[in-house]
1. Restricting attention to the stretch 12-23, and to residues there that are over 13 Å from the mean Cα position of the chain (by Cα) and surrounded by 10 or more Cβ atoms within 10 Å (Cβ to Cβ), which single residue is nearest to Arg91 (Cα to Cα)?
2. Kindly list the number of the only condition in (1) surrounded by 14 or more Cβ atoms within 10 Å (Cβ to Cβ); (2) modelled with pLDDT under 90 that fails for Gly56.
3. If you go through the stretch 24-45, how many residues are open to solvent by 60 Å² or more (accessible area, probe 1.4 Å), more than 20 Å from Phe93 (Cα to Cα) and either assigned to a strand (DSSP E or B) or not acidic (Asp, Glu) (or both)?
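The values are calculated or read from the model by the stated rules, or taken from the named source; none is laboratory data. Everything quoted here is computed from the prediction, not taken from an experiment. So basically every Cβ, Gly included, is an ideal-geometry build from the backbone, and we count neighbours across all protein chains shown. All accessible areas refer to the heavy atoms of the entire protein, side chains included, with ligands and DNA or RNA removed. Shrake-Rupley method; radii C 1.70, N 1.55, O 1.52, S 1.80 Å.
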Amino acid sequence: MATQTDPQVYQGEEKIIVAIDLGTTHTAVSFAHAYPGTDVDVRMVTRWKGQPEAAGDSKIPTIVAYEQGEMTAAGAEAREFIGDDAYEVSRWFK
């Protein structure tokens, strides 16, 4: 059985793989670029717009802000719109 420390050479078609863990309060994203003859290196997104660079958090708040039906911000950046009547903020959803 293969484990995270036991990489296997990928033999399929080239592809980009994205995994999203959409949680009620926080969301995380991982990705990999798989192409034939290489080990697939899965990486987590650790920098998000609106969060301090030093944070390095792999998760962001599950919050989306809309203005007149158009998405304005997501994650930590959307927090500033909570309580602002000009925006509809969706959070705690799955």
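1. To start, the set of residues in the stretch 12-23 that are over 13 Å from the mean Cα position of the chain (by Cα) comprises 12-16.
Restricting the remaining residues to those that are surrounded by 10 or more Cβ atoms within 10 Å (Cβ to Cβ) gives 14-15.
Numbers: Glu14: 35, Lys15: 32 Å.
Only one residue tops the list, namely Lys15.
2. (1)
3. Total satisfying the criteria: 8.
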